[in-house]
Amino acid sequence: MGFCETALTDIPFHRPWIGAVEQQRVSQALLGRLSGDGPFCRRVESRLAEQLGVPRVLLTTSCTHAMELALLALGIGPGDEVVCPSFTFVSTANAVLRVGARPVFADIDALTLGLSPEDTERRIGPRTRAVIPVHYAGLAADMDGLSALARGKRVRIIEDAAHGLAGSWRGRPLGTLGDAGCFSFHETKNITCGEGGALAVRDPELGKKAEIIREKGTNRSAFFRGEVDKYTWVAEGSSYILADPLAALLDAQLDRLEEIQTRRRSIYERYLEGLSGWAASQGMHLPRARPEHGPSFHIFYVLYPDESRRDHAIAALKSSRIQASFHYVPLHLSPHGRAFATNAALPVTESVAARLVRLPLHPQLSDADVERVIEAVRCTSSS
Ligand SMILES: *Cc1c(COP(=O)(O)O)cnc(C)c1O
């Protein structure tokens, strides 16, 4: 019997790696300050700032909120337009709508699956204030092209680096290549605290503005540092701060980051090795990193030649008890997206969204699981 028939256990698409270290760290936090801006929050912010090489990182309740915070701190709002992909999670566009600006969708590049600089340029107009590239799967969008464009047109770059922690472009960490970088620690990401995010900024002044907006428009953070003797309402703001016990969980996950990344990398590379020959002979495409790319190994995908073969593959993998999954429904085709997107077609976005399958990728997959996935994927086109 082949692998497709002998599968005994389910192979989950994703499973967070939580153990004794996380339990201990959270228990410790529960005895201290529970609200935000506590000792764990500050410790994780400085660890991330050091790892990313930026002056300031602010932990937030989510990546969605980190993007809202970035837009607010940059003064982007009603009357402004922000160019972003349609091939992304809803948060990228929601953050723009929440601050009262208008998302304008641009197409992606067929190789990186990130914003195409050429199509982005076509979408930039007199009202455009920012571009939000998504580093899909942890492979950077073409940041040379996008940065040159942004400089020339005087627009800001806010990176949606929800997939990007530990990834790089020309050796520079994803999330540090534009004006602001937004990370996610949702359960499905490489490291997690359940729900959480971070905003990384290169300009300390922007960090100060964001710190006030994050704390309900008050200077409470400066008060905690002893810089002012009482705190008060100094600007319009909201509540985007992460509670300290969740920061403690993140602290423990950061201890594990290297181990997690090493394991994800070896699975990713084994998938490439095990599937490249098959993909080339069957007309499938696998992620193709350019020399500039340092992947974060967040997603491993297979692009089938058409939608029906993709759907067949997901069903076949399911019957082998392997959870594989399609990804984004293009936002411009969604019920809410249609309400404001006036775009002509986004052909690469539509084609990729219809043909993509994500394979299980997480550190708790065994070597045997990985071989089972490879065999089963090969079966999806030879059967
Ligand atoms: C997960 C994700 C988000 C949202 O992250 P949250 O922390 O859940 O708000 C945003 N953008 C992309 C590309 C994502 O994958």
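The values are calculated or read from the model by the stated rules, or taken from the named source; none is laboratory data. As the structure is a computational prediction, the values presented were derived from the model and not from experiment. So basically every Cβ, Gly included, is an ideal-geometry build from the backbone, and we count neighbours across all protein chains shown. Keep in mind that these areas ignore ligands, DNA and RNA; they rest on the heavy atoms of the full protein, side chains included. Shrake-Rupley method; radii C 1.70, N 1.55, O 1.52, S 1.80 Å.
Does any residue of segment 6-18 turn out to be part of a helix (DSSP H, G or I) and either within 16 Å of the ligand (Cβ to nearest atom) or not β-branched (Val, Ile, Thr) (or both)?
Scanning segment 6-18, I find no residue that is part of a helix (DSSP H, G or I) and either within 16 Å of the ligand (Cβ to nearest atom) or not β-branched (Val, Ile, Thr) (or both), so the answer is no.
Among the residues of segment 42-54, is any open to solvent by 60 Å² or more (accessible area, probe 1.4 Å) and not in a helix (DSSP H, G or I)?
Yes, there is a match, as at least one residue in segment 42-54 is open to solvent by 60 Å² or more (accessible area, probe 1.4 Å) and not in a helix (DSSP H, G or I).
The set of residues from segment 82-104 being open to solvent by less than 10 Å² (accessible area, probe 1.4 Å) and under 25 Å from ALA289 (Cβ atoms) comprises VAL83, CYS84, PRO85, SER86, PHE87, THR88, THR92.
Scanning segment 54-74 for residues that are more than 14 Å from the ligand (Cβ to nearest atom), farther than 18 Å from HIS163 by Cα and touching a strand residue (DSSP E or B) at 6+ places or on another chain (Cβ under 8 Å) yields VAL54, PRO55, ARG56, ALA73, LEU74.
Residue-by-condition table, conditions (1) open to solvent by less than 40 Å² (accessible area, probe 1.4 Å); (2) at pLDDT below 95; (3) small (Gly, Ala, Ser); (4) assigned to a helix (DSSP H, G or I):
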position: GLY226; (1), (2), (3), (4): no, yes, yes, no
position: TYR231; (1), (2), (3), (4): no, yes, no, no
position: ALA247; (1), (2), (3), (4): yes, no, yes, yes
position: ALA252; (1), (2), (3), (4): yes, no, yes, yes
position: LEU257; (1), (2), (3), (4): yes, no, no, yes
position: GLN261; (1), (2), (3), (4): yes, no, no, yes
position: GLU269; (1), (2), (3), (4): no, no, no, yes
position: GLU273; (1), (2), (3), (4): no, no, no, yes
position: GLY277; (1), (2), (3), (4): no, no, yes, yes
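For the residues GLU187, GLU195, the requirement of being within 11 Å of the ligand (Cβ to nearest atom), more than 19 Å from PHE297 (Cβ to Cβ) and open to solvent by 10 Å² or more (accessible area, probe 1.4 Å) singles out GLU195. Looking only at residues of segment 65-103 that are free of Cβ contacts under 8 Å to residues at least 40 places away in the same chain, among the hydrophobic types (A, V, I, L, M, F, W, C) and outside any helix (DSSP H, G or I), we find that the one that is farthest from PHE185 (Cα to Cα) is ALA101.
Among the residues that make up segment 224-232, is at least one of them under 20 Å from ARG42 (Cβ atoms) and in contact (Cβ under 8 Å) with a residue 40 or more places away in the chain? Looking for residues that are under 20 Å from ARG42 (Cβ atoms) and in contact (Cβ under 8 Å) with a residue 40 or more places away in the chain, one finds at least one in segment 224-232, hence yes. Just to verify a result, which residue in segment 175-184, among those that are over 10 Å from the mean Cα position of the chain (by Cα) and of a type in the set (A, V, I, L, M, F, W, C), is nearest to the ligand (Cβ to nearest atom)? Among residues in segment 175-184 that are over 10 Å from the mean Cα position of the chain (by Cα) and of a type in the set (A, V, I, L, M, F, W, C), the one nearest to the ligand (Cβ to nearest atom) is ALA180. Any residue in segment 136-145 that is surrounded by fewer than 24 Cβ atoms within 10 Å (Cβ to Cβ), under 19 Å from the mean Cα position of the chain (by Cα) and more than 12 Å from the ligand (Cβ to nearest atom)? Yes, segment 136-145 has at least one match. Just name the residue that is nearest to the ligand (Cβ to nearest atom) out of those in segment 198-224 that are hydrophobic (A, V, I, L, M, F, W, C) and at pLDDT 95 or above. Only one residue tops the list, namely ALA198. Within this structure, ALA339 passes the test of being at pLDDT below 95, closer than 19 Å to PHE105 by Cβ, aliphatic (A, V, I, L, M) and part of a helix (DSSP H, G or I). Return yes or no: is GLU269 among the acidic types (Asp, Glu) and without any contact (Cβ under 8 Å) to a residue 12 or more places away in the chain? Spelling it out, GLU269 is indeed among the acidic types (Asp, Glu) and without any contact (Cβ under 8 Å) to a residue 12 or more places away in the chain. Contact annotation: residue pairs with Cβ atoms under 6 Å, 6 or more positions apart or on different chains, pairing a residue in segment 11-34 that is open to solvent by less than 70 Å² (accessible area, probe 1.4 Å) with a partner that is among the small types (Gly, Ala, Ser), are PHE13/SER325; VAL21/ALA252; GLU22/ALA252; ARG25/ALA248; ARG25/ALA252; VAL26/ALA248; ALA29/ALA248.
Taking segment 287-322 as the range and being part of a loop (DSSP other than H, G, I, E, B) and touching a Lys or Arg at 6+ places or on another chain (Cβ under 6 Å) as the test, the residues that pass are GLU292, PHE297, ILE299, TYR304. Taking the condition open to solvent by 10 Å² or more (accessible area, probe 1.4 Å) and near the ligand (Cβ under 10 Å from one of its atoms), does ALA162 pass? Yes: the conditions hold for ALA162. Can you tell me which residue in segment 352-381 is least open to solvent (accessible area, probe 1.4 Å), limited to those that are of a type in the set (Gly, Ala, Ser) and free of Cβ contacts under 8 Å to residues at least 60 places away in the same chain? The extreme case among them is ALA354.
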